[in-house]
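To keep things clear, I will list the structure first and then write my remarks on it.
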Amino acid sequence: MKNYRTPLARARGLGSAREGLHDWWRQRVTAVALVPLGLWFAFSVALLPSASHAELVAWINVPWNTLLLLSFILIAFYHTMLGLQVVIEDYVHLDWLKLVGILGVKLVVSFLTLAAVYAILRIVFT
Amino acid sequence: MERMNTEPPRPSVRERPLSPHLQVYRLPVTALLSISHRITGVLLGIGLIGLVLVLMSVVQGPSAYAPVHAFLSGIAGRSLLWIWIIALLFHLSHGIRHLVWDTGHGFSRDSLLYYALGEFAAALVLVLAVAIATLARS
C-alpha cells in the first residue's frame, strides 16, 4: 500500500498545540497574587479556633474581609487546580487514568469553589 | 566463577554512574525542598476542602457550626490547622524562590544552599509571626 501523503502533511498536528504556556503563566500570576493573600489568610485563619459562630459571621461581614476572602478562595482554588494537574501529569502515566484524574480534579475543585463562594455570599447577604 | 573468567573482557565498558536509587540515595537539600513543595501543595489543597466544610456549616447556623467549632478548638483540630498554616507559609516561601527562578536568576551552584537556608528562615519567621500575633489577639 503506497502512502501518498507528504512528510509535511503527516507531521502537521503532531507538534505542540501552543497552548501549554497558558497554564504555566496562570500558575505564576496566581502565585504572585497569593503571596499577599496567603499571608493575610494565614494570620486570619489562625484565629479560627477561638471564634464563635457570631464572631465568625461578623468577621466575614466586614467588607474588606469579604473581598479578601473571596479573592483568596477564587485564586487559591485555581492555583490548586493547576498544581494538582501538573502533579497528575508528572506521576500518572496511564493515559485514561491521567485523563480521569485531571477531569476529576477540575470538576471537584470547581464544585468546591462554587460552594465556598455561595457560602460567603449567603453569609454576607442574610 | 570459572565461567565468569572465561568471558572476554569488554574494553569499552567502564563503571557508569547509576541513576539515583531512592531508597539509598541521600537527596540534596534542593531536591528535598522541591518534593516538599509538591507535598505541601497537595496538603494545602486537601485543607481547602476543610475550609469549604467550615463555611458551609457557618451558613447552616450556630447549631450546625457547634460540632465543627468543638473539633476546631480541640487538640486534633488545632494541630491540623497549624500543620496547614505551616505548610502554607513553607509553600509560600519556596514559591517565591520559584518566581525568582522563573526570572532566570538564582541557579548558580553556590547560591542554591544559601537560598534554601533563606527559605527555611523565612518560613520559620512567618510561622513565629503568625503564632505571636494569634497569641496576642486571642
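Just so you know, all these numbers are worked out from the coordinates, no wet-lab data involved. This is a predicted model, so every value here is computed, not measured. Cβ coordinates were reconstructed from backbone atoms using ideal geometry, including for glycine residues, and neighbour counts include every protein chain displayed.
Brief remarks follow.
- Note on A:SER44 and A:GLU19: with the Förster distance fixed at 51 Å, the Cβ-Cβ geometry gives a FRET efficiency of about 0.90.
- A simple rule links phi to the HN-Hα coupling: the Karplus curve 6.51 cos²θ - 1.76 cosθ + 1.60 with θ = phi - 60°, which for region B:34-51 gives 5, 6, 5, 4, 5, 4, 5, x, 5, 4, 4, x, 5, x, 5, 4, x, 4 Hz, with x for Gly and Pro.
- Counting neighbouring Cβ atoms within 10 Å and putting the fewest first, the residues A:THR30, A:THR66 line up as A:THR66, A:THR30.
- Relative contact order (percent, whole number), region A:17-124, Cα cutoff 8 Å, 6+ residue spacing: 35 percent
- Projected area, mean over directions - chain A, Cα convex hull, nm²: 11.9 nm²
- Here A:TYR4, A:TYR118, A:TYR78 are placed in order of increasing Cβ neighbour count within 10 Å, fewest first, which gives A:TYR4, A:TYR118, A:TYR78.
- Cβ neighbours within 10 Å from other chains - mean over A:47-59: 5
- Stokes-Einstein translational diffusion, chain B - Kirkwood Rh over all Cα pairs, 1.306 mPa s, 10 °C, in µm²/s: 82 µm²/s
- Annotation: the residues B:GLU119, A:GLU55, sorted from fewest to most other C-beta atoms within 10 Å of their own C-beta, follow the order A:GLU55, B:GLU119.
- For region A:69-86, 3J(HN,Hα) computed residue by residue from phi via the Karplus equation (6.51, -1.76, 1.60; θ = phi - 60°) reads 5, 4, 4, 4, 5, 4, 6, 5, 5, 5, 4, 4, 4, 5, x, 5, 4, 5 Hz, glycine and proline entered as x.
- The Cα atoms of the protein assembly as shown define a convex hull whose projected area, averaged across directions, is 25.5 nm².
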